[in-house]
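First comes the structure, then the notes that go with it.
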Amino acid sequence: MKSILVIGMGRFGRHLARKMQELNNEVMIVDENEEIIEELAPNYTDAHIGDCTNEAVLRSLGINNFDICFVAIGNNFQSSLEITSLLKELGAKYVVSKASRDIQAKFLLRNGADEVVYPEREMAEKLALRHNAKNIFECVELTPEFAIFEIPIMDVWVGKSISSLNIRRKYHINILSIKNGNVLKPLPGADYIFAEKDHVLVLGNPTDVFKLMNRA
(Lines give C-alpha, C1' and ligand atoms only; values in the text may rest on other atoms or scores of the structure.)
Protein backbone atom coordinates (compact mmCIF):
# COMPACT_ATOMS: atom_id res chain seq x y z
CA MET A 1 0.00 0.00 0.00
CA LYS A 2 1.23 3.47 -0.90
CA SER A 3 0.26 6.93 0.25
CA ILE A 4 -0.91 8.97 -2.74
CA LEU A 5 -1.69 12.67 -3.24
CA VAL A 6 -3.67 13.71 -6.31
CA ILE A 7 -3.92 17.44 -7.00
CA GLY A 8 -6.57 18.45 -9.53
CA MET A 9 -9.87 16.63 -9.86
CA GLY A 10 -10.56 16.99 -13.55
CA ARG A 11 -11.36 13.89 -15.59
CA PHE A 12 -7.79 12.59 -15.47
CA GLY A 13 -7.40 13.28 -11.76
CA ARG A 14 -10.70 11.58 -10.93
CA HIS A 15 -9.89 8.44 -12.91
CA LEU A 16 -6.39 8.33 -11.45
CA ALA A 17 -7.51 8.77 -7.84
CA ARG A 18 -10.27 6.19 -8.17
CA LYS A 19 -7.95 3.61 -9.71
CA MET A 20 -5.22 4.18 -7.14
CA GLN A 21 -7.80 3.66 -4.40
CA GLU A 22 -9.14 0.50 -6.07
CA LEU A 23 -5.55 -0.79 -5.90
CA ASN A 24 -5.73 -0.45 -2.10
CA ASN A 25 -3.67 2.69 -1.76
CA GLU A 26 -4.37 5.54 0.66
CA VAL A 27 -5.43 8.49 -1.48
CA MET A 28 -5.79 12.16 -0.61
CA ILE A 29 -7.47 14.39 -3.19
CA VAL A 30 -7.18 18.18 -3.44
CA ASP A 31 -8.89 20.73 -5.65
CA GLU A 32 -9.62 24.43 -5.31
CA ASN A 33 -13.23 23.91 -6.41
CA GLU A 34 -15.39 23.43 -3.32
CA GLU A 35 -18.27 21.80 -5.21
CA ILE A 36 -15.99 19.15 -6.72
CA ILE A 37 -14.50 18.22 -3.35
CA GLU A 38 -17.91 18.10 -1.67
CA GLU A 39 -19.04 15.70 -4.40
CA LEU A 40 -16.02 13.42 -4.18
CA ALA A 41 -15.15 13.62 -0.46
CA PRO A 42 -17.41 10.72 0.65
CA ASN A 43 -15.38 8.37 -1.55
CA TYR A 44 -11.98 9.18 -0.01
CA THR A 45 -10.40 9.14 3.42
CA ASP A 46 -8.91 12.59 2.90
CA ALA A 47 -10.23 15.35 0.65
CA HIS A 48 -9.22 19.00 0.86
CA ILE A 49 -10.26 22.27 -0.74
CA GLY A 50 -7.29 24.49 -1.50
CA ASP A 51 -5.19 26.38 -4.00
CA CYS A 52 -1.98 24.36 -4.16
CA THR A 53 -0.04 27.23 -5.74
CA ASN A 54 -0.14 28.56 -2.17
CA GLU A 55 2.84 27.14 -0.31
CA ALA A 56 0.99 27.25 3.02
CA VAL A 57 -1.73 25.00 1.62
CA LEU A 58 0.81 22.43 0.43
CA ARG A 59 2.69 22.55 3.74
CA SER A 60 -0.54 21.79 5.60
CA LEU A 61 -0.91 18.53 3.63
CA GLY A 62 2.35 17.01 4.93
CA ILE A 63 3.93 16.52 1.53
CA ASN A 64 6.87 14.41 2.68
CA ASN A 65 4.46 11.75 3.97
CA PHE A 66 3.32 10.77 0.46
CA ASP A 67 5.03 8.14 -1.64
CA ILE A 68 3.82 9.75 -4.87
CA CYS A 69 2.36 13.18 -5.60
CA PHE A 70 0.38 13.54 -8.84
CA VAL A 71 -0.17 16.98 -10.36
CA ALA A 72 -3.21 16.30 -12.53
CA ILE A 73 -4.08 19.88 -13.49
CA GLY A 74 -4.81 20.09 -17.20
CA ASN A 75 -6.21 23.55 -17.91
CA ASN A 76 -3.68 25.82 -16.22
CA PHE A 77 -0.07 25.01 -17.03
CA GLN A 78 1.32 27.89 -14.97
CA SER A 79 -0.33 26.47 -11.85
CA SER A 80 0.87 22.97 -12.68
CA LEU A 81 4.44 24.26 -13.02
CA GLU A 82 4.32 26.19 -9.76
CA ILE A 83 2.83 23.28 -7.82
CA THR A 84 5.39 20.83 -9.24
CA SER A 85 8.23 23.09 -8.16
CA LEU A 86 6.76 23.68 -4.69
CA LEU A 87 6.23 19.98 -4.11
CA LYS A 88 9.91 19.22 -4.61
CA GLU A 89 10.94 22.18 -2.47
CA LEU A 90 8.76 20.82 0.33
CA GLY A 91 10.36 17.38 0.18
CA ALA A 92 8.05 15.37 -2.09
CA LYS A 93 9.58 11.94 -2.71
CA TYR A 94 8.28 11.48 -6.25
CA VAL A 95 6.28 13.90 -8.38
CA VAL A 96 4.35 12.92 -11.50
CA SER A 97 2.97 15.82 -13.52
CA LYS A 98 0.56 15.93 -16.43
CA ALA A 99 1.53 17.59 -19.72
CA SER A 100 -0.15 17.98 -23.09
CA ARG A 101 2.88 19.12 -25.12
CA ASP A 102 6.61 18.39 -25.22
CA ILE A 103 7.53 21.95 -24.29
CA GLN A 104 5.43 21.64 -21.14
CA ALA A 105 7.17 18.38 -20.27
CA LYS A 106 10.58 20.05 -20.58
CA PHE A 107 9.64 22.82 -18.16
CA LEU A 108 8.04 20.41 -15.70
CA LEU A 109 11.12 18.19 -15.65
CA ARG A 110 13.39 21.19 -15.17
CA ASN A 111 11.25 22.39 -12.27
CA GLY A 112 11.11 19.25 -10.21
CA ALA A 113 8.91 16.63 -11.88
CA ASP A 114 10.38 13.13 -11.61
CA GLU A 115 8.05 11.92 -14.36
CA VAL A 116 5.75 13.51 -16.91
CA VAL A 117 2.71 11.80 -18.41
CA TYR A 118 0.70 12.60 -21.53
CA PRO A 119 -2.68 10.92 -20.86
CA GLU A 120 -4.37 12.17 -24.04
CA ARG A 121 -1.43 11.26 -26.25
CA GLU A 122 -0.99 7.85 -24.62
CA MET A 123 -4.68 7.08 -25.01
CA ALA A 124 -4.63 8.14 -28.67
CA GLU A 125 -1.53 6.04 -29.41
CA LYS A 126 -3.02 2.99 -27.69
CA LEU A 127 -6.29 3.43 -29.60
CA ALA A 128 -4.41 3.75 -32.89
CA LEU A 129 -2.47 0.55 -32.18
CA ARG A 130 -5.66 -1.37 -31.35
CA HIS A 131 -7.46 -0.28 -34.50
CA ASN A 132 -4.55 -0.54 -36.92
CA ALA A 133 -5.26 -4.24 -37.49
CA LYS A 134 -8.16 -6.64 -37.17
CA ASN A 135 -8.99 -8.48 -33.96
CA ILE A 136 -6.65 -6.74 -31.54
CA PHE A 137 -8.45 -6.75 -28.19
CA GLU A 138 -5.87 -5.00 -26.03
CA CYS A 139 -2.37 -3.60 -26.29
CA VAL A 140 0.23 -2.12 -23.98
CA GLU A 141 3.06 -0.25 -25.66
CA LEU A 142 6.36 -0.86 -23.89
CA THR A 143 8.66 0.97 -26.30
CA PRO A 144 8.24 2.19 -29.90
CA GLU A 145 9.62 -1.21 -30.99
CA PHE A 146 7.73 -3.56 -28.68
CA ALA A 147 4.24 -3.96 -27.25
CA ILE A 148 2.08 -6.63 -25.61
CA PHE A 149 -1.07 -7.55 -27.55
CA GLU A 150 -4.09 -9.71 -26.81
CA ILE A 151 -5.11 -11.38 -30.07
CA PRO A 152 -7.18 -14.40 -31.13
CA ILE A 153 -5.37 -17.42 -32.51
CA MET A 154 -5.48 -18.17 -36.22
CA ASP A 155 -7.92 -20.86 -37.29
CA VAL A 156 -5.09 -23.03 -38.60
CA TRP A 157 -3.50 -23.10 -35.12
CA VAL A 158 -6.42 -25.01 -33.52
CA GLY A 159 -5.35 -28.50 -32.42
CA LYS A 160 -1.66 -27.80 -32.99
CA SER A 161 1.14 -27.17 -30.54
CA ILE A 162 3.23 -24.03 -30.16
CA SER A 163 6.38 -25.89 -31.12
CA SER A 164 4.90 -27.53 -34.22
CA LEU A 165 3.84 -24.13 -35.55
CA ASN A 166 7.28 -22.56 -34.98
CA ILE A 167 5.46 -19.42 -33.86
CA ARG A 168 8.46 -17.49 -32.58
CA ARG A 169 10.54 -18.19 -35.67
CA LYS A 170 7.74 -17.83 -38.22
CA TYR A 171 5.87 -14.82 -36.81
CA HIS A 172 8.60 -13.14 -34.70
CA ILE A 173 6.39 -12.99 -31.60
CA ASN A 174 6.72 -14.44 -28.10
CA ILE A 175 3.67 -15.98 -26.42
CA LEU A 176 3.38 -14.80 -22.82
CA SER A 177 0.12 -16.48 -21.87
CA ILE A 178 -3.01 -18.20 -23.15
CA LYS A 179 -6.43 -16.82 -22.29
CA ASN A 180 -9.66 -18.78 -22.68
CA GLY A 181 -12.66 -17.06 -21.15
CA ASN A 182 -11.70 -16.21 -17.58
CA VAL A 183 -8.91 -18.81 -17.45
CA LEU A 184 -5.36 -17.55 -17.90
CA LYS A 185 -2.40 -19.88 -18.45
CA PRO A 186 0.88 -17.94 -18.14
CA LEU A 187 4.05 -18.97 -19.96
CA PRO A 188 2.64 -22.03 -21.76
CA GLY A 189 5.09 -24.76 -22.68
CA ALA A 190 6.07 -25.59 -26.25
CA ASP A 191 3.78 -28.62 -26.14
CA TYR A 192 0.65 -26.56 -25.46
CA ILE A 193 -2.17 -27.46 -27.88
CA PHE A 194 -4.30 -24.53 -29.02
CA ALA A 195 -8.07 -24.69 -28.41
CA GLU A 196 -10.70 -23.08 -30.61
CA LYS A 197 -11.53 -20.07 -28.42
CA ASP A 198 -8.01 -19.32 -27.20
CA HIS A 199 -6.62 -15.83 -27.17
CA VAL A 200 -2.90 -15.25 -26.79
CA LEU A 201 -0.99 -12.47 -25.08
CA VAL A 202 2.06 -11.89 -27.22
CA LEU A 203 5.13 -9.69 -27.04
CA GLY A 204 6.38 -8.42 -30.35
CA ASN A 205 7.02 -5.60 -32.75
CA PRO A 206 3.70 -3.97 -33.75
CA THR A 207 4.54 -4.39 -37.44
CA ASP A 208 4.88 -8.16 -37.02
CA VAL A 209 1.66 -8.42 -35.02
CA PHE A 210 -0.27 -6.31 -37.54
CA LYS A 211 1.06 -8.49 -40.36
CA LEU A 212 -0.11 -11.61 -38.55
CA MET A 213 -3.57 -10.19 -37.75
CA ASN A 214 -4.19 -8.86 -41.24
CA ARG A 215 -3.63 -12.32 -42.71
CA ALA A 216 -5.98 -13.95 -40.20
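Table for the structure above
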read-out	value
Given (1) crowded, with 18+ Cβ neighbours inside 10 Å; (2) closer than 19 Å to Asn214 by Cα, index of the condition Val158 fails	(1)
Search result, residues across the stretch 42-57 that are surrounded by 15 or more Cβ atoms within 10 Å (Cβ to Cβ) and in a strand (DSSP E or B)	Ala47, His48, Ile49
Residue under evaluation Ile36, criteria (1) crowded, with 17+ Cβ neighbours inside 10 Å; (2) under 16 Å from Leu86 (Cβ atoms), criterion not met	(2)
Those residues of the stretch 177-198 which are of a type in the set (A, V, I, L, M), surrounded by fewer than 17 Cβ atoms within 10 Å (Cβ to Cβ) and in contact with a strand residue (DSSP E or B) (Cβ under 9 Å, 6 or more places away or on another chain), in sequence order	Leu184, Leu187, Ala190, Ile193, Ala195
Members of the stretch 115-148 found to be modelled with pLDDT under 90 and in contact with a Cys (Cβ under 8 Å, 6 or more places away or on another chain), listed by number	Lys126, Leu129, Arg130, Ala147
Members of the stretch 95-114 that are at pLDDT 95 or above and of a type in the set (Asp, Glu)	Asp114
Residues of the stretch 175-196 satisfying the condition of being under 16 Å from Gly159 (Cβ atoms) and either without any contact (Cβ under 8 Å) to a residue 24 or more places away in the chain or not assigned by TED's automatic domain parsing to the domain that holds Phe146 (or both)	Ile178, Asn180
Of all residues in the stretch 171-216 being more than 15 Å from Asn135 (Cα to Cα) and of a type in the set (Phe, Trp, Tyr), the one that is modelled with the lowest pLDDT	Tyr171
Pairs with Cβ under 6 Å, 6+ apart, first in the stretch 1-25 and touching a residue at least 12 places away in the same chain (Cβ under 8 Å) and crowded, with 20+ Cβ neighbours inside 10 Å, second outside any helix (DSSP H, G or I) and charged (D, E, K, R)	Met9/Asp31
Considering residues of the stretch 58-79 that are out of contact with any Gly (no Cβ under 6 Å at 6 or more places or on another chain) and without any contact (Cβ under 8 Å) to a residue 40 or more places away in the chain only, the residue surrounded by the fewest Cβ atoms within 10 Å (Cβ to Cβ)	Gln78
Residues that are assigned to a loop (DSSP other than H, G, I, E, B) and either of a type in the set (A, V, I, L, M, F, W, C) or touching a Gly at 6+ places or on another chain (Cβ under 9 Å) (or both), drawn from the stretch 9-41	Met9, Gly10, Leu23, Glu32
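The values are calculated or read from the model by the stated rules, or taken from the named source; none is laboratory data. Because the structure is a prediction, the values reported are computed rather than measured. Note that we place each Cβ from the backbone using ideal geometry, even for glycine, and neighbour counts take in every protein chain shown.
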